[in-house]
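Data first, discussion second: the structure below is written as structure tokens.
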């Protein structure tokens, strides 16, 4: 069950898009648990992105796994900000200010997918990259990057309101932290697990641990703005991080032919 | 500054960033084992180091003369690139014990020193020889120039139009928005350029350098798309 879920790209796509959009929109429901839902939404987006990166990078990009992660977050950071701003400026009059806030993440997702798609088409048609899944996976990565930035931004700001996000995430410089944090969380799992006996389930466990570790860091960043409301993010993030990290380490032990502690270098007289 | 001029400047900046990557001696994993010429890491890392330093030096000149912003960005990035290559060379020479040598040319075009005799058989060169070092400095400066140019263009427009997005934006918000957008542009262009060179390159003497027109065209398209969405971010559209 877990195997087929992790290896099926469509189920990961649904987890990423539907799961994270619903969780991010749920942040408006409760002011106490809203930031927690948004952070979990970003975790879903990171899992989706890590899965997309493992599919595209398994063909060998020639530039290393981190490069495509940085590229997707470079596009993602522009698409997340522009999505929120477009919703606020052009839709708040026709839809009402509150509905427009909920539409923002969806527009950001579409822009992220679009930027990823165009870059992938350029890379494939113009530069001549020979990776069959390049277009789909890069587009997915752009969308995942945009949603992960929005999820964590909402978790820090405490609401989907654009001015709140600009004041608490952009003005404080947290956006730079989110850029690197999400890049690492998305690109590290496959970068750490790649190789001839790469196991998608083990990579997924690694992705869970990077995502929940990022969530914990975001919870700590949110303390300045939200106070005790950020406590559930830190506590749940830590618990899930410990569980996923343990299961990742256990999976690594199981897949290794043998694990031995070699001891220190013997002291030999020169 | 009009929004069209901003988009054009961002495209020029994107091409400069992409071109800069073609000059930087990126060695990748083989160089990390001292079996290929260049700094032993990928483009994204080198671009991150040099590009972000360039953006910080450019941002420190915010609201000054545009030429000062652009030159500050170029010098900051070139300096960071130079330090990276110098320290890498120290490690290659004194740590690994190899001589900086290029595998792509017989004589260094700058110093005229023979290369072939110093290359370990079976490797693609080692370290950062003089020609790659100079090429890397040019690449860093080009990348920083692009970063400074896009930072100037975005902050100049945002100073006027960002009030459409939020009431009474502070100068810091505008600087950070310009820096974040420039970083996004930088990474997209550096990775697209890095796809074009296939991951590794020695510098302007490398045969792969001839692919630069294709890389420039790819950068123009990618930058145009990013520039349109940056125009939405700064409130210009």
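The values are calculated or read from the model by the stated rules, or taken from the named source; none is laboratory data. Bear in mind that the values here come from a model prediction, so they are computed numbers and not experimental data. Cβ: placed from backbone, ideal geometry, glycine included. Neighbour counts: every protein chain shown.
Being surrounded by 24 or more Cβ atoms within 10 Å (Cβ to Cβ) and either at pLDDT 95 or above or out of contact with any helix residue (DSSP H, G or I) (no Cβ under 7 Å at 6 or more places or on another chain) (or both) is the filter here, so list the residues in the range B:17-45 that pass it.
The answer is B:27, B:31.
So, of the residues in the range A:61-80 that are facing another protein chain (nearest Cβ under 7 Å) and part of a loop (DSSP other than H, G, I, E, B), which turns out to be surrounded by the most Cβ atoms within 10 Å (Cβ to Cβ)?
Here the answer is A:63.
So which residues in the range A:228-253 are in contact (Cβ under 8 Å) with a residue 40 or more places away in the chain, surrounded by fewer than 18 Cβ atoms within 10 Å (Cβ to Cβ) and either in contact with a strand residue (DSSP E or B) (Cβ under 9 Å, 6 or more places away or on another chain) or farther than 23 Å from residue A:34 by Cα (or both), if there are any at all?
A:247, A:252
Identify, please: which residue in the range A:86-124 is within 10 Å of another protein chain (Cβ to nearest Cβ) and out of contact with any helix residue (DSSP H, G or I) (no Cβ under 7 Å at 6 or more places or on another chain) and is, among those, farthest from residue A:161 (Cα to Cα)?
A:114
A quick yes/no check of all residues on (1) part of a helix (DSSP H, G or I); (2) surrounded by fewer than 22 Cβ atoms within 10 Å (Cβ to Cβ):
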position	(1), (2)
A:4	yes, yes
A:18	yes, yes
A:30	no, yes
A:49	yes, no
A:54	yes, no
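With respect to the numbered conditions (1) over 30 Å from residue B:170 (Cβ atoms); (2) not in a loop (DSSP other than H, G, I, E, B), which one is the sole condition not fulfilled by residue B:48?
Going through the list (1) over 30 Å from residue B:170 (Cβ atoms); (2) not in a loop (DSSP other than H, G, I, E, B), residue B:48 breaks only (1).
So which of B:190, B:150, B:182 ends up being surrounded by 15 or more Cβ atoms within 10 Å (Cβ to Cβ), under 23 Å from residue B:36 (Cβ atoms) and either without any contact (Cβ under 8 Å) to a residue 40 or more places away in the chain or within 14 Å of another protein chain (Cβ to nearest Cβ) (or both)?
Among B:190, B:150, B:182, only B:190 is surrounded by 15 or more Cβ atoms within 10 Å (Cβ to Cβ), under 23 Å from residue B:36 (Cβ atoms) and either without any contact (Cβ under 8 Å) to a residue 40 or more places away in the chain or within 14 Å of another protein chain (Cβ to nearest Cβ) (or both).
Can you say whether residue A:122 is without any contact (Cβ under 8 Å) to a residue 12 or more places away in the chain and part of a helix (DSSP H, G or I), as far as the supplied structure shows? Give the derivation first.
On the way: without any contact (Cβ under 8 Å) to a residue 12 or more places away in the chain: yes; part of a helix (DSSP H, G or I): yes.
For residue A:122, the condition - without any contact (Cβ under 8 Å) to a residue 12 or more places away in the chain and part of a helix (DSSP H, G or I) - is met.
If residue A:141 satisfies every condition in (1) under 19 Å from the mean Cα position of the chain (by Cα); (2) within 18 Å of residue B:219 (Cα to Cα) but one, which is the exception?
Every listed condition holds for residue A:141 apart from (2).
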